[in-house]
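Comments concern the structure below.
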Amino acid sequence: MAYGRPWYVQATDVIHRLTVIGIIGFSGWLTIGLGRTLWANRDSALQKRLAELAEEQEQIENGQIADAAALAVATQPPPGLHANALPSQVEADIAREALASLAEQEQNKN
């Protein structure tokens, strides 16, 4: 008996202390997460993202980014394969091949 307290009182004290530390830590974690979410979704950030999306949409409509959809399709993994399963080098090779074929098609049109 350390400090004149029985073992079960000390065990209860340890459990209580760990519970309090856990509650405080979890509350801090949630507070930080809420702060990050509020910061990421502030009006200025949303307006900036909307402006970038509108500009990109305008470029796609004007034909400046005509290859965007073909590139997106070409870089998709084969059916049944998880999206993160392909290594980045393979994805880069697929994208290069897709862009090369698109450039070849453009040359054949002209």
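Every number here is computed from the coordinates shown, using simple stated rules; none is lab data. Please read these numbers as outputs of a predicted model, since none were measured by experiment. Every residue, glycine as well, gets a Cβ built from its backbone with ideal geometry; the counts of neighbours run over all protein chains shown.
A few points about this structure:
- Ordering Thr37, Thr12 from the fewest to the most neighbouring beta carbons within 10 Å gives Thr37, Thr12.
- Hz values of 3J(HN,Hα) by residue in the range 18-33 - Karplus curve (6.51, -1.76, 1.60), Gly and Pro given as x: 5, 5, 4, 4, x, 5, 5, x, 5, 5, x, 4, 5, 5, 5, x
- Computed E for Gln47/Thr19 - FRET, C-beta separation, R0 41 angstrom, nearest 0.05: 0.40
- The HN-Hα couplings worked out from phi for the range 40-49 by the Karplus form 6.51 cos²θ - 1.76 cosθ + 1.60 (θ = phi - 60°) are 5, 9, 5, 4, 5, 5, 5, 4, 5, 5 Hz, whole numbers, x standing for Gly and Pro.
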